[in-house]
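**Q** The structure's right below; bear with me while I get my questions together.
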Amino acid sequence: MSGRGVFTIGEFMQKSGVSIRTLRYYDSIDLLKPSDYTEGGHRLYSEDNLSTLQKIKSLQFLGLSLKDIHNLLQKNSVKGADVLKSLNQQKQLFEAKSLEIMTILSDLNHLIETIEAEEIINLNVFCAMVQKLMFEEDTQKWFEDHFSKAITDDVLNISSPEEIDLDKKWIKTLSKIKHLTVTEAIPSAQESQETIESLLLLMNETSKGKLELIVEKLPSAKPLSFPNPFTEKELAFLKEAMEVYRKNNPS
């Protein structure tokens, strides 16, 4: 300490928890001027400066801009209505952040339960699972725009355990398709055809038996914002394998 109740900028930084860069900036905009300078021109701060800085940090907590804080410090008083407005704004901000955090925690728990039994996870498949959660509102909106409320509710209203079970099945099926493509499996081979059958059954289960209805709507509907976990090579394999399956299993 340079003297009783007097601090160098480094000492003031340690005492206040505010960086030297910030203190210099506050000085440059006349928000918090040093109480004095050394003969060498170095900034010195006092206990009064510390009290002023605490006020600045308190007003920043309310969401006030540095310009507004500067004006308030000059007046040393503020209308109760203005303080109340700032408090309500901060409350709404933190409530929104709290809701966002709760949503993220819910999604993380969902992903943890979905993949906890998987020894190896394909990154594209995992990212597709994450994006599915991210696009939930878009999916909801797409169904509301193209189907009745009854159909939308029937398809999308699903319990958490049911959704986790479905996602586990999707991870296994999508991973299987990728494995078949990597090993250059023949689309008409038994394993390929069994995988296609599993895929169609899963799609029907996911759509609550309304797969045909949804497929019919796709050509005239706006694109659905939904992640595509497949590469062009995998899509080509799927297309050929699906054609073989439909030829062997005419409806």
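Derivation of every value follows stated rules applied to the coordinates shown; laboratory data play no part. Bear in mind the structure is a predicted one, so any value in this text is a computation, not a measurement. No Cβ is skipped: glycine too gets one built from the backbone with ideal geometry, and neighbour counts run over all protein chains shown.
**Q** Quickly estimate the mean residue ellipticity at 222 nm for the chain, helices only: each DSSP H run with n ≥ 4 gives -39500 (n - 2.57), and the total goes over all residues, rounded to 500.
**A** Roughly -22500 deg cm²/dmol at 222 nm, from the helical runs in the chain.
**Q** If the chain between His146 and Lys97 were fully stretched, how many nm would it gain, using 0.36 nm times the residue separation less the Cα-Cα distance?
**A** Stretched out fully, the His146 to Lys97 stretch lengthens by 14.5 nm.
**Q** Straight distance only, please: which aspartates and glutamates reach the Cα of Lys33 with their own Cα at less than 16 Å, same-chain residues fewer than 8 apart left out?
**A** Glu11, Glu47, Asp48
**Q** What does the charge add up to near Asp27, with Lys and Arg as +1, Asp and Glu as -1, over the other residues with Cβ less than 9 Å from its Cβ?
**A** So the surrounding residues net to +2.
**Q** Using only the Cα atoms of the stretch 117-248, each taken as one equal point scatterer with no solvent, compute I(q) by the Debye sum, divide by I(0), and report log10 of the ratio at q = 0.13, 0.19 Å⁻¹.
**A** Rounded to two decimals, the profile gives -0.60, -1.27.
**Q** Rounded to the nearest 20 Debye, what is the dipole magnitude of the stretch 22-123 about its Cα centre when Lys and Arg each give +1 and Asp and Glu each give -1 at the C-beta?
**A** 880
**Q** Treating only the Cβ atoms of Lys and Arg (+1) and Asp and Glu (-1) as charged, compute the dipole magnitude of the stretch 128-167 about its Cα centre; round to the nearest 20 debye.
**A** 100
**Q** Here is a follow-up. Sequence gap at least 6, Cα distance under 8 Å: using those rules, report the relative contact order of the chain to the nearest whole percent.
**A** It rounds to 15 percent for the chain.
**Q** Then there is this: Could you let me know the centre-to-centre spacing of the stretch 182-210 and the stretch 22-77, using Cα atoms, in angstrom?
**A** Distance between centres, Cα-based: 67 Å.
**Q** Calculate the tail of P(r) for the stretch 6-78: the fraction of all Cα-Cα distances greater than 16 Å, expressed in %.
**A** Tail of the P(r) past 16 Å holds 45 percent of the pairs.
**Q** Projected onto the charge dipole of the stretch 40-168 (+1 at Lys/Arg Cβ, -1 at Asp/Glu Cβ, origin at the Cα centre), which of Ser159, Leu108, Phe143 gives the Cα projection farthest towards the positive end?
**A** So the residue furthest toward the plus end is Leu108.
**Q** Using 0.36 nm per residue, how much length does the chain from Lys75 to Ile29 gain when fully extended, once their Cα-Cα distance is taken away?
**A** 14.9 nm is the gain from fully extending Lys75 to Ile29.
**Q** Per residue, what volume in Å³ does the Cα convex hull of the chain take up?
**A** 240
**Q** Angle between the Cα long axis of helix 47-61 and the longest principal axis of the chain, 0 to 90 degrees, nearest 10?
**A** Between helix and principal axis, roughly 30 degrees.
**Q** Kindly put His110, His179 in sequence by how many other C-beta atoms sit within 10 Å of each C-beta, fewest to most.
**A** Least to most surrounded, the residues fall as His179, His110.
**Q** Moving to a separate point now. For the stretch 6-78, what is the charge dipole size about the Cα centre, in debye to the nearest 20, if Lys and Arg each add +1 at the Cβ and Asp and Glu each add -1 at the Cβ?
**A** Dipole magnitude for the stretch 6-78 comes out near 300 debye.
**Q** How do Thr152, Thr183 line up, fewest other C-beta atoms within 10 Å first?
**A** Ascending Cβ contact count within 10 Å gives the list Thr183, Thr152.
**Q** Going by how many other beta carbons lie within 10 Å of each one, how would you line up Tyr26, Tyr45, Tyr37, fewest first?
**A** Tyr37, Tyr26, Tyr45
**Q** Of Lys57/Lys132; Lys141/Lys172; Lys55/Lys97; Lys85/Lys222; Lys97/Lys176, which ones are farther than 31 Å apart at the Cα?
**A** Distance filter (> 31 Å) returns Lys57/Lys132; Lys85/Lys222; Lys97/Lys176.
**Q** Within the chain, what is the longest stretch that has no GluC sites (Glu not before Pro) placed in a DSSP loop and near at most 13 other beta-carbon atoms within 10 Å?
**A** Longest gap between qualifying sites, sites excluded: 40-115.
**Q** Could you pull out every one of the aspartates and glutamates with an alpha carbon less than 15 Å from that of Lys247, ignoring same-chain neighbours closer than 8 positions?
**A** Result set, ordered by chain and number: Glu194, Glu197.
**Q** Quick check: the angle from helix 80-115's long axis to the longest principal axis of the chain, C-alpha only, nearest 10 degrees?
**A** 40
**Q** Still on this structure: With angles folded into 0 to 90 degrees, how steeply does helix 232-248 sit against the dominant principal axis of the chain? Use alpha carbons for both and round to 10.
**A** Taking the Cα atoms of the chain, the angle to 232-248 is about 30 degrees.
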